[in-house]
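Below: one structure, written as structure tokens.
The values are calculated or read from the model by the stated rules, or taken from the named source; none is laboratory data. Note that the coordinates shown come from a computational prediction; the quantities given were computed from them, not determined experimentally. Quick reminder, even Gly has a Cβ in these numbers, built from the backbone with ideal geometry, and neighbours come from all protein chains shown. The protein model used for the area step is the full one, side chains on, heavy atoms only, and it has no ligands, DNA or RNA in it. Shrake-Rupley method; radii C 1.70, N 1.55, O 1.52, S 1.80 Å.
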Amino acid sequence: MRAAVVRTFGGPEAVEVVEAELPEPAARQVRIKVAAAALNPVDAGVRSGAFGGAGKRIGLGWDVAGTVDATGVATAWNVGDEVVALDYGMVKPLGTHAEYVVVDTDAVAKAPASVDAVAAATLPLNALTAVQALDLLELTPGQTLLVTGAAGAVGGFAVQLAAHRGIAVTGLAREADEQLVRSLGAAGFTASGEGSYDAVLDAAVLGEAALARVRDGGAYAGVIPQAQPASVRGVRTAAVEVSADGARLAELVRLVDEGVLTLRVAETFALDDAAKAHARLAEGGVRGRLVLVP
């Protein structure tokens with residue numbers, strides 16, 4: 001099969017599409033024939049060497065939508081099932097930017113019925129990050145939340161999920177994105193980050209500047225593991241380390257099919273054009289996700 005990998009760190013030109021051995025599922029694993037796989041900023045980090053692995057062949061891609069193609073023992077999935085999954089891991093020999101991928105059975109959920117595979121591929125990593133970060137804040141209906149980077153993928157899901165829970169959400173984004181952010185369910189909008197809130201979900205990684213917007217005794221959740229600012233004024237600080245969770249992913253799929261969550265695709269690329277997709281991501285200004293289609 002073909003797979004997008006890096007063998008040396010660098011810019012988009014470091015991405016290669018190579019021939020790789022077809023992976024075989026072990027017990028409690030399934031093999032998915034990839035229909036679509038999103039490209040995320042974390043892939044650019046892996047490509048540039050931010051997570052290590054020098055001297056190894058490193059596969060790219062965390063999100064996948066496709067069809068179960070083979071199963072190991074002790075799995076509830078069947079060949080032919082249409083699914084989505086999160087393939088967690090920074091430094092791994094193969095990722096989801098490939099024609100096939102093997103994942104643990106408990107990382108898998110049935111694919112949304114209301115959207116195609118390209119759109120479905122934008123769900124797992126970013127929506128799981130958003131909902132797991134939101135869980136860290138422990139907010140109740142009526143409380144106030146500032147979401148930074150509210151027009152981005154994680155931030156956009158966070159706005160929709162929080163609004164669905166009855167939380168009063170204000171989105172922080174560029175002025176040009178106000179209409180988008182409000183359409184996602186934000187009751188308020190700011191381009192400058194003023195105000196005081198019960199909590200901040202810092203999808204834009206503003207750090208201490210975002211923490212300053214939390215009221216005394218409130219809560220802050222970041223999206224880069226172990227990179228949250230130190231606690232001040234009694235504010236509880238934490239950062240999400242996203243984890244694969246098929247049951248939770250199934251809940252998010254249900255919210256897609258109910259119209260609660262909006263899936264945004266910016267552009268699609270053939271797998272062979274993976275380097276071009278990385279170059280487009282590096283240009284910035286992408287609203288929605290770039291998606292590779294084998």
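A straight chain from Thr67 to Asp257 at 0.36 nm per residue would run longer than the Cα-Cα distance by 66.5 nm.
Distant-in-sequence amide contacts of Gly188, defined by a placed amide H-H separation under 5 Å and a gap of 5 or more residues or a different chain, comprise Val169, Thr170, Gly171.
The peptide list 147-158, 39-50, put in order of mean Cβ contacts within 10 Å with the highest first, becomes 147-158, 39-50. Heavy-atom accessible surface of the range 1-107, averaged per residue, reaches 40 Å², computed with a 1.4 Å probe. For the range 200-276, the carbon plus sulfur part of the accessible surface works out to 48%, probe radius 1.4 Å.
Taking the Cα atoms of the chain, the ratio Rg/Rh between the radius of gyration and the Kirkwood radius comes to 0.98.
Using C-alpha pairs below 8 Å separated by at least 6 residues, the relative contact order for the range 1-69 is 42 percent.
For Lys110, the lysines whose Cα falls under 22 Å of its own Cα, not counting residues fewer than eight places away in the same chain, are Lys33. For the listed peptides 119-129, 264-274, a ranking on the average number of other beta carbons within 10 Å per residue, highest first, reads 119-129, 264-274. Take the Cα of Ile224, step 7 Å toward its Cβ, do the same at Thr268, and the gap between the two points is 3.3 nm. Based on Cα contacts under 8 Å between residues 6+ apart, the chain shows a relative contact order of 20 percent. For the modelled label position 7 Å from the Cα of Asp135 along Cα-to-Cβ, which residues of the range 221-248 have backbone nitrogen atoms closer than 11 Å? Zone members listed by number: 241-248. Rounded, prolate or oblate for the range 164-204? Axes are the square roots of the Cα gyration tensor eigenvalues, ordered a ≥ b ≥ c, and the cut-off for rounded is a/c under 1.5. Judged from the Cα gyration tensor, the range 164-204 comes out oblate (a/c at least 1.5, b/c at or above a/b).
The mean sequence separation of alpha-carbon pairs under 8 Å and at least six residues apart, normalised by the residue count of the range 1-135, gives a relative contact order of 30 percent.
Relative to the current alpha-carbon distance between Ala14 and Arg174, full extension at 0.36 nm per residue lengthens the span by 54.5 nm.
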